[in-house]
Amino acid sequence: MKSNYLPRVVDRILEERLNAVGAVLLAGPKWCGKTTTAEMQAKSVLKLQDPDKTSGYLETANTKPSLLLKGENPRLIDEWQMAPVLWDAVRHAVDQRSEPGLFILTGSTTVDESKIMHSGTGRISRMVMYPMSLFESNESNGNVSLSALFTNPNLDIDGIKSELSIENLVFAACRGGWPSTLNKKTDKAKLFEARNYIEGIYNSDASTVDGVKRSPERVRAILQSYARNISTLATDRTILEDVASNYMDMSEPTLHSYLNALERLYVIEDVPAWCPSIRSATTIRSGKKKEFIDPSIAVASLALSPEALLVDMNTFGFIFECLCFRDLKVYSSAMGGYVSCYRDRYGLEADCVLHLADGRYGLIEFKLGSNRIEEGAAHLLELRDLIKKANEEKKAKLREPSFLMVLTAGKMGYRRNDGVYIVPIGCLKE
C-alpha cells in the first residue's frame, strides 16, 4: 500500500466483492480516487487514458478485446467506458474462468446500455465511490460510529467533542472531498480544485459523455440554478424557469438532456423521497431533493468562498446539508445502506432517512447551530410518534426507527432524555 494513501470506506467493500464475484465496477465522479483505491488491490493495470497508448488500446479493443484482459489478477481496467466492448469481454472471461476477483473496472461516467450486449448481472458487481468523507480526510475524529447507533439503542456519546471549528467546516465544504487537494500547499490551491473540476464539466465532459454537443454557457447556467436550489425540493420546472430567464429557447426535453448528462457524470445525485404508509399518498411530498455529489461543486458553481459563507450562514446551511448527505452515503455504503428524505404538506420532515438493506433505518435532521437543535429534535420525535400511531390505528406494520439523530456543525455530542442523539459531523464515521 502506498505510504501516503488514506484508507477509504470502499476499501473493505471492494475486497469483499472481489472475494465473491468475478469482476467489480467501481464508478463515481472524476478525481474522487477510484483509480488509486483500485490500484491498492489490483495486481496488474491497464489505463486506457494513457496518452501514449490510448489509440493502440482502442484499436486492440476493436480487433481482439481479450488481449487487453491478459495480466495478473485482479486486473484493473481504468476508465473502461472508453472501449465499451470490454464490458462484454470481461463478462465472457468471468463466465469462462468461473473465478472470483478477476477484474476491477473503473469509470467516471455511466455507459449507454445499448452499447453492451449483457448487463453483467451475476458476473460484474457495481458500486459507487464518492469523494472523501470528513473521516476519510482525517477531519472527523470518528468518536461516534454510525453502525453502533444501529446496534446499540443506548449508545453513550455524552461528552464526545469535535475538533472542527465552524471555520474548518466551511473550508472543508468549499474544498470538497477531492483527495488531491490534501496534498496542495496553499488554501488557494486547494479551493481551485473544485473550480477546475466544473470548468471541465462546462467545456468538455458534458458533451463527451454521450457525444451530444452541449453549450458550456447552458451547462454553467444549469449548475448555478441547481446550486441555488441545493437541498430543496425544487422541481425541474423551477430549474427550467430559472435557466430560461437567460436562455429563452431552453425547452424541457433539452433541460432533461443536460441533467441526464450531469447525472451520468456523477455531478448531481438527487435524494429520493421516502413515502411510508403513515399519511395519505396526496399528503406526502414525493419530489426529489436537489443535491450534488460533493458540496464543493455547489460552492464553485456560485463562485462563493469560505469568507463569503462565514457571513452567510443561511446559505451555508444548504451547503452543510449536501456535505452531510455525502458523508452519510459514504458511511452507510459499508452497511449496504442508502438515503432518502421525508417531507409532507403539514411541514413535518426528516432531512434524511438512512436505510439499511435489512429494513432498519434512522431518522436524521441536519442543523448548523445549537439554536436549531430543539426544532430538529421535535420533527424527529413527531415523525416517530406518527409511525407508532399508524401502526396502532392503521396496522401499518412499519418498523420504528433504530435511532433519531440531529447532525450538527457543533462541538459537543450527547444523548437527550427523549433519546435523540446530538452528533457533531466532526465526530461521525461508519
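The values are calculated or read from the model by the stated rules, or taken from the named source; none is laboratory data. Model, not experiment: these values are computed from the prediction. FYI the Cβ positions are ideal-geometry reconstructions off the backbone, even for glycines, and counts take in every protein chain you see. Ligands, DNA and RNA are excluded from the accessible area calculation, which covers all protein heavy atoms including side chains. Shrake-Rupley method; radii C 1.70, N 1.55, O 1.52, S 1.80 Å.
For the stretch 333-349, what are the residues that are in contact (Cβ under 8 Å) with a residue 60 or more places away in the chain, surrounded by 19 or more Cβ atoms within 10 Å (Cβ to Cβ) and touching a His at 6+ places or on another chain (Cβ under 8 Å)?
Scanning the stretch 333-349 gives a single hit, V339.
Give the residues of the stretch 137-150 that are open to solvent by less than 30 Å² (accessible area, probe 1.4 Å) and touching a strand residue (DSSP E or B) at 6+ places or on another chain (Cβ under 9 Å), sorted by residue number. Break it down stepwise before answering.
Residues of the stretch 137-150 that are open to solvent by less than 30 Å² (accessible area, probe 1.4 Å), as a first pass: 137, 140, 142, 144-146, 148-150.
Matches in the stretch 137-150: S140, G142, V144, S145, L146, L149, F150.
Quickly run through the stretch 1-29 and pick out the residues that are open to solvent by 70 Å² or more (accessible area, probe 1.4 Å), within 22 Å of the chain's Cα centre (by Cα) and in contact (Cβ under 8 Å) with a residue 40 or more places away in the chain. I'd like the intermediate steps shown before the answer.
The first filter runs over the stretch 1-29 and keeps only residues open to solvent by 70 Å² or more (accessible area, probe 1.4 Å), leaving 1-4, 7, 12, 15-17, 19-20.
Filter once more, so that each one left must be within 22 Å of the chain's Cα centre (by Cα): 7, 12, 15-17.
Result: P7, R12, R17.
Tell me yes or no: at least one residue of the stretch 55-70 is part of a loop (DSSP other than H, G, I, E, B) and in contact (Cβ under 8 Å) with a residue 12 or more places away in the chain.
Filtering the stretch 55-70 down to residues part of a loop (DSSP other than H, G, I, E, B) leaves 64, 70.
Okay, now just the ones that are also in contact (Cβ under 8 Å) with a residue 12 or more places away in the chain, so none.
No.
Mind checking which residues of the stretch 71-92 are part of a helix (DSSP H, G or I) and either among the polar types (S, T, N, Q) or open to solvent by 50 Å² or more (accessible area, probe 1.4 Å) (or both)?
If the condition is that a residue be part of a helix (DSSP H, G or I) and either among the polar types (S, T, N, Q) or open to solvent by 50 Å² or more (accessible area, probe 1.4 Å) (or both), then Q81, M82, V85, H92 are the ones that fit.
Which of the residues that make up the stretch 412-430 are open to solvent by 40 Å² or more (accessible area, probe 1.4 Å) and either touching a Cys at 6+ places or on another chain (Cβ under 9 Å) or in a strand (DSSP E or B) (or both)? Walk me through it before giving the result.
At the first step, the residues of the stretch 412-430 found to be open to solvent by 40 Å² or more (accessible area, probe 1.4 Å) are 412, 414-418, 429-430.
Listed by number, the residues that qualify are M412, Y414, R415, K429.
Does I230 count as within 27 Å of E365 (Cβ to Cβ) and modelled with pLDDT under 95?
On the way: within 27 Å of E365 (Cβ to Cβ): yes; modelled with pLDDT under 95: no.
Against the criterion (within 27 Å of E365 (Cβ to Cβ) and modelled with pLDDT under 95), I230 does not qualify.
From the list Y247, Y226, exactly one residue is touching a residue at least 12 places away in the same chain (Cβ under 8 Å) and open to solvent by 10 Å² or more (accessible area, probe 1.4 Å). Which is it?
Details: Y226 fails: open to solvent by 10 Å² or more (accessible area, probe 1.4 Å).
Exactly one residue qualifies, and that residue is Y247.
How about the stretch 238-275: which of its residues are in contact with a strand residue (DSSP E or B) (Cβ under 6 Å, 6 or more places away or on another chain) and in a helix (DSSP H, G or I)?
Scanning the stretch 238-275 gives a single hit, L262.
With the requirement that a residue be part of a helix (DSSP H, G or I) and hydrophobic (A, V, I, L, M, F, W, C), what does the stretch 276-310 give you? Walk me through it before giving the result.
Looking only at the stretch 276-310, we keep the residues that are part of a helix (DSSP H, G or I), and these are 295-301, 306-310.
Residues satisfying the conditions are I297, A298, V299, A300, A308, L309, L310.
Which pairs turn up if I take residues in the stretch 141-170 that are touching a residue at least 60 places away in the same chain (Cβ under 8 Å) and on the phi > 0 side of the Ramachandran plot and look for partners that are in a loop (DSSP other than H, G, I, E, B) and open to solvent by less than 90 Å² (accessible area, probe 1.4 Å) with beta carbon separation below 6 Å, at least 6 apart in sequence or on another chain?
Note: pairs meeting the criteria are G142/F135.
Say we look at the stretch 283-302 and pick out the residues that are open to solvent by 40 Å² or more (accessible area, probe 1.4 Å) and either free of Cβ contacts under 8 Å to residues at least 60 places away in the same chain or in contact with a Ser or Thr (Cβ under 6 Å, 6 or more places away or on another chain) (or both); which of these is farthest from S207 (Cα to Cα)?
My answer is S286.
I'm trying to understand the selection: among the residues of the stretch 220-237, which are more than 16 Å from the chain's Cα centre (by Cα) and not in a helix (DSSP H, G or I)?
Hits for the stretch 220-237 are N229, T232, L233, A234, T235.
Which residue pairs have Cβ atoms closer than 7 Å, lie 6 or more positions apart in sequence or on different chains, and pair a first residue in the stretch 196-217 that is within 16 Å of S301 (Cα to Cα) with a second residue that is in a helix (DSSP H, G or I) and among the basic types (K, R)?
Y202/R220
When the residues of the stretch 151-194 are filtered to those that are among the β-branched types (V, I, T) and open to solvent by 60 Å² or more (accessible area, probe 1.4 Å), which remaining residue is farthest from I293 (Cα to Cα)? Steps first, please.
First, pick out the residues of the stretch 151-194 that are among the β-branched types (V, I, T): 151, 157, 160, 166, 170, 181, 186.
Now restrict to residues that are open to solvent by 60 Å² or more (accessible area, probe 1.4 Å): 151, 186.
Values: T151: 28, T186: 24 Å.
Only one residue fits best here, namely T151.
Look at the stretch 278-315 and say how many of its residues are closer than 19 Å to V339 by Cα and either out of contact with any Leu (no Cβ under 7 Å at 6 or more places or on another chain) or modelled with pLDDT of 95 or more (or both).
Residues meeting the conditions: 10.
Being touching a strand residue (DSSP E or B) at 6+ places or on another chain (Cβ under 8 Å), modelled with pLDDT under 95 and farther than 29 Å from A206 by Cβ is true for just one of P153, P74. Which residue is that?
Details: P74 fails: modelled with pLDDT under 95.
Just a single option satisfies the conditions, and that option is P153.
In the set I364, I373, which member is in a strand (DSSP E or B) and out of contact with any Phe, Trp or Tyr (no Cβ under 6 Å at 6 or more places or on another chain)?
Values: I373 fails: in a strand (DSSP E or B).
I364 is the lone residue from the list that is in a strand (DSSP E or B) and out of contact with any Phe, Trp or Tyr (no Cβ under 6 Å at 6 or more places or on another chain).
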